Amino acid sequence: MNLVLIGYGYWGPNIAKNVMFSKDFNLFGICDINQERLNRAKTIYGDRTKYFSDYRELLAMDEIDAFALAVKNDVGQKIAEEMLKAGKHLFIEKPLAKSVKDASVLKKLAKDNELILHVDHIMVFNPLVRKIKGLIDQGELGELLYYDSSRVNLGPSIKEDVNAMWDLAVHDLAVIDYLSNGAKSLKVNALGLNKYSSKEALTYLTVQYDGFIAMLKSSWISPLKERQVVIGGTKKMVVFDELKMDKLLVYDKGIHYKEKYEEYGQYEVSIRNGDMYSPFITEEDSLLNSINHFADCIKTKSESISNADQAIRVLSILEQADIELRHAD
């Protein structure tokens, strides 16, 4: 299948590289309005692909099966709508849109034209996240109690189009949605700091789901770089740290609740300390997994696990959090 990448800026080069590794896609072309970026792409891919500066000339090309869109949200909505109207499958960077309303438009266009709309919620395709999903589904963790995430670093830039929450917490919201099979969010609270730009460079987001709670810290202004998630269950707990050698640790630790206790001084709860282990998981490229899943969905005509419905659930939480941030000003 022929795929064209639109946007060769920050994330586009990673998509292009992985499409080249894909067993199902041919990188038919790279499109960017910036000639300097196109020249940079040409030094890497030479005559192995084609180069375009205007995406509109591509919409009517029958040989193109799909587009990968990696541009800013403020221009991406119009382009995405045109691609879906032209009958092209769409791989699009997160977040899907700037609002639930805009995302719903894309969802309807994809459905009406029987197209695959795949949102690159890349963490969903991380093999370690898939392992955690398996542990939850098999009941090894017990009931989910909490999801605690810290995604912080210094920079690399203070963005003006989105805040740190839309840039970083969006990953965790997609992962939570995947792990919990789309659990409903009941309450959203958010606090943020926007000292350096009009957008918050530091945010604290708390989401009360049906049965568990999530606490997500996102920051571009931390002296430390952290990519750590702690997941607590009633049976076991998990620590997922992308920056550590042992990225996934499973702890057989928890709280044992006593319905009755006989002597004064005994507590209704006791601490359970068990073994800790790091499961072996074959290393895989999450972005390549995402691209391959997109291809499989096209071939089998099946919905992506990171489809518009998942993206809309994530966007709904982000929109509620934005309202909380405005009220806190």
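The values are calculated or read from the model by the stated rules, or taken from the named source; none is laboratory data. Everything numeric in this text was worked out from a predicted model, so none of it was measured. Note that each Cβ is placed from the backbone with ideal geometry, even for glycine, and that neighbours are counted across all protein chains shown. Surface accessibility is based on the protein's heavy atoms, side chains included, excluding ligands, DNA and RNA. Shrake-Rupley method; radii C 1.70, N 1.55, O 1.52, S 1.80 Å.
Per-structure values
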| quantity | calculated |
| --- | --- |
| GluC sites (Glu not before Pro) within region 70-162: DSSP coil, no more than 16 neighbouring Cβ in 10 Å | Glu114, Glu140, Glu143, Glu160 |
| Whole-Hz ³J(HN,Hα) from phi, Karplus 6.51 cos²θ - 1.76 cosθ + 1.60, for region 240-250, glycine and proline x | 10, 10, 5, 9, 9, 4, 8, 6, 10, 10, 10 |
| Cubic angstrom per residue, convex hull over Cα atoms of the chain | 165 Å³ |
| Normalised contact order of region 7-49, rounded percent, pairs of Cα under 8 Å and 6 or more residues apart | 42 percent |
| Heavy-atom surface of the chain, accessible at 1.4 Å and reported per residue (Å²) | 51 Å² |
| For the chain: relative contact order, % (alpha-carbon pairs under 8 angstrom, 6 or more apart) | 18 percent |
| Flagged links, alpha-carbon separation over 25 Å, of Lys159/Lys244; Lys131/Lys244; Lys244/Lys299; Lys108/Lys131 | Lys159/Lys244; Lys244/Lys299; Lys108/Lys131 |
| Calculated log₁₀ intensity ratio I(q)/I(0) where the Debye formula runs over C-alpha points of region 116-165, q = 0.19 Å⁻¹ | -0.92 |
| Loop chymotrypsin sites (Phe, Trp or Tyr not before Pro), region 103-198, which have at most 14 other Cβ atoms in a 10 Å radius of their Cβ (DSSP) | Tyr196 |
| Solvent-accessible surface ranking, highest first, for Thr234, Thr43 at 1.4 angstrom | Thr43, Thr234 |
| Accessible surface, 1.4 Å probe, highest first, among residues Met276, Met237 | Met276, Met237 |
| Helical contribution to [θ] at 222 nm, DSSP H n ≥ 4, -39,500 (n - 2.57), averaged over the chain, rounded to 500 | -10000 deg cm²/dmol |
| Gyration tensor over alpha-carbon atoms, region 1-150, equivalent ellipsoid semi-axes in Å | 31, 19, 15 |
| Kyte-Doolittle at least -0.5, axis length at least 20 Å by Cα - qualifying DSSP helices, the chain | 286-300, 308-328 |
| Separation in nanometres of the label points that stand 7 Å from Cα toward Cβ, at Ser53 and Asp24 | 3.5 nm |
| Given charges at Cβ of Lys, Arg, Asp, Glu: the chain dipole, positive-most of Ala169, Leu193, Asn126 | Leu193 |
| Heavy-atom accessible area ranking, 1.4 Å probe, most first, across Glu284, Glu303 | Glu303, Glu284 |
| Rounded Å value of the spacing that divides the Cα centres of region 10-47 and region 223-255 | 35 Å |
| For region 54-129, Kirkwood radius (reciprocal of mean inverse C-alpha pair distance, Å) | 12.8 Å |
